[in-house]
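Taken together, the values in this text are just the output of simple stated rules run on the coordinates, not laboratory data. Computed from a prediction, not measured in an experiment: that's the story for all the values here. All Cβ positions, glycine included, derive from the backbone under ideal geometry; neighbour counts span all protein chains shown.
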Amino acid sequence: MSKLNIVVGAGFSGAVIANLVADKLGEKVVVIDKKNHIAGNSYDYRDENGIMIHKYGSHIFHTNNEKVWKYLKQFTDFNTYMHKVVGILDGIEAQIPFNFHTLYEVFPKTMAQRLETKLLDAFPYNSKVPILEFQKQDDDDLQYLANYVYEKIFLNYTTKQWGVSPKDVDDAVTARVPVYLSLDDRYFQDKYQGIPLEGYTKVVENMLNHKNIEVVLNTDYETYRINTQNTIDWNNVRIFYTGSIDEFFNYKYGQLSYRSVKFKLETHNVEYYQSHACINYPNNYDFTRIHEYKHYLNDKSEKTVIAKEYSEFFELGKNERCYPIASDENFDLYAKYLEDAKKLDNVYFLGRLGDYKYYNIDTAVARALDLFESITA
Ligand code: UDP
């Protein structure tokens with residue numbers, strides 16, 4: 001009899017590994033999830049207006065990884081949506097990441113021209129400079145500009161999103177949205193980008209739709225183990241765990257911290273509420289951004305649905321884990337759990353929560369593909 005595989009979590013990481021094990025190894029897989037739906041935080045659904053809602057906030061697929069792209073294309077086609085974001089800066093709708101267009105949107109022309117010349121003397125055209133790097137300037141004008149960008153785009157948004165200032169989050173976080181010495185307004189420059197034509201849930205459903213895969217929802221790992229102690233030989237299963245690694249070990253060294261986000265949905269009786277799918281509000285209001293979902297798949301409706309995004313700390317039993325918090329303390333804690341994880345046979349951790357890494361969908365998929373290769377090598 002072939003080995004039984006238990007995949008904990010039906011998000012992208014879990015679905016990819018489940019699909020590969022079921023399809024390439026021909027083994028039985030049970031995918032369990034404590035949520036009442038598959039697709040994890042990329043879950044989307046069409047509402048009564050026919051608008052595809054991203055329940056846990058906008059997800060925009062983008063990758064340069066050919067392997068990931070090829071793999072996912074087996075399960076979906078993508079549209080050619082290229083994400084562009086604007087932010088409201090002193091009441092002006094301006095391009096984010098900050099680029100040469102933003103320069104002319106927020107400053108008077110002569111001032112923007114002077115800054116543009118200085119910028120092109122200081123940095124190569126098309127370079128991407130993280131804000132914390134960008135602030136290391138000698139020139140007074142560029143110093144002024146760097147402070148402007150820091151204060152108007154990063155300081156308050158990051159404080160709302162992470163509860164601390166940009167200097168106190170891991171540099172890699174703000175580097176995701178660098179100052180871009182370019183005329184390219186897109187949020188991502190990846191070769192492949194788009195939204196799955198039938199949504200993310202459908203992609204995951206297609207991955208899990210396999211004769212060797214069984215999906216069990218509304219069930220957490222502990223409950224499943226207890227319920228199956230007489231029917232499953234737990235000493236002889238392979239476990240792929242995409243939940244939070246501290247939970248697997250019953251928090252024996254303490255809890256890893258996360259940020260969570262919540263979304264307040266509003267339906268409006270207008271065709272469109274805003275110019276872009278996502279508008280950032282760094283300096284006003286308590287939310288960080290407003291998503292208007294119908295932009296993503298060009299859904300037709302006389303109404304529109306928007307979501308205001310609020311950030312808060314993750315609290316067990318209260319909300320969802322969304323963003324690992326990159327800090328020495330959390331990484332030390334994670335390292336302890338990882339040491340214990342390495343001692344286990346046939347238990348593999350993956351995904352944003354299992355690896356405690358700020359993965360995008362493509363990096364989560366790449367990690368699952370690599371893990372599969374490594375266990376079958
Ligand atoms: N960020 C910011 N202002 C913005 C956009 C982003 O300060 O207008 C910072 C903020 O710290 C955020 C990080 O850059 O958490 C990464 O932004 P990204 O849009 O990649 O976040 P995600 O979409 O993953 O929530």
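Comparing Y43, Y281, Y150 in a Gaussian network model of the chain, where Cα atoms under 10 Å apart are tied by springs, the biggest mean-square fluctuation is seen for Y150. When every alpha-carbon pair in region 171-246 is counted, what percent end up more than 15 Å apart? The proportion of pairs with Cα distances above 15 Å equals 77 percent.
Sorting the Cα pairs of region 75-134 by distance into bins of 5 Å, from 0 upward, gives 4, 15, 21, 22, 17, 9, 6, 4, 2, 1, 0 percent per bin. 3J(HN,Hα) couplings calculated from phi for region 63-80 with the Karplus curve 6.51 cos²θ - 1.76 cosθ + 1.60 (θ = phi - 60°) are, in sequence order, 7, 10, 8, 4, 5, 5, 4, 5, 4, 5, 5, 5, 10, 6, 9, 10, 7, 9 Hz; Gly and Pro show x. Here the average projected area of the convex hull drawn through the C-alpha atoms of region 226-340 stands at 11.7 nm². Farthest toward the positive end of the dipole of region 244-330, out of Y323, F249, T267, is the Cα of T267, where the dipole comes from beta carbon charges about the Cα centre. Our summary of shape: the Cα atoms of region 18-173 have principal axis extents of 64, 36, 33 Å, ordered from largest down, in whole angstrom. Run the numbers on region 1-154 and let me know its relative contact order in percent, using alpha-carbon pairs under 8 Å that are six or more apart. Answer for region 1-154 is 11 percent. Given the Cα atoms of region 98-185, and with Rh set as the inverse mean 1/r over their pairs in the Kirkwood sense, what is Rg to Rh to two decimals? Here Rg/Rh amounts to 0.96. Put in order of Cβ neighbour count within 10 Å, fewest first, the listed residues K73, K343 become K343, K73.
One way to sum up the overall shape of the chain is the equivalent ellipsoid from its Cα gyration tensor, whose semi-axes run 39, 24, 19 Å, largest first. Whole-percent P(r), region 305-377, all Cα pairs, 5 Å bins from 0: 3, 12, 17, 21, 21, 13, 6, 4, 2, 0. Within the set K128/K191; K34/K294; K28/K211; K35/K342; K211/K342, which residue pairs have Cα atoms separated by over 20 Å? With Cα atoms farther than 20 Å apart: K34/K294; K35/K342; K211/K342. In region 120-164, inverting the average of 1/r over every pair of distinct C-alpha atoms gives 11.5 Å as the Kirkwood radius. Compared with the dominant Cα axis of the chain, that is its longest principal axis, helix 12-24 is turned about 40°. Amide H contacts under 5 Å for V215: V31, restricted to partners 5 or more places along the chain or on a different chain, H placed in the peptide plane at 1.01 Å from N. In summary, the lysines within cross-link reach of K300, defined as a Cα separation below 27 angstrom excluding same-chain residues under 8 places away, comprise K55, K73, K84, K202, K262, K264, K308.
Of the residues N156, Q137, T63, the one whose Cα sits farthest towards the positive end of the charge dipole of region 37-174 is T63 (charges of +1 on Lys and Arg Cβ, -1 on Asp and Glu Cβ, taken about the Cα centre). For region 4-65, the convex hull spanned by the alpha carbon atoms encloses 113 Å³ per residue.
Over all orientations, region 137-192 has a Cα convex hull whose mean projected area works out to 5.0 square nanometres.
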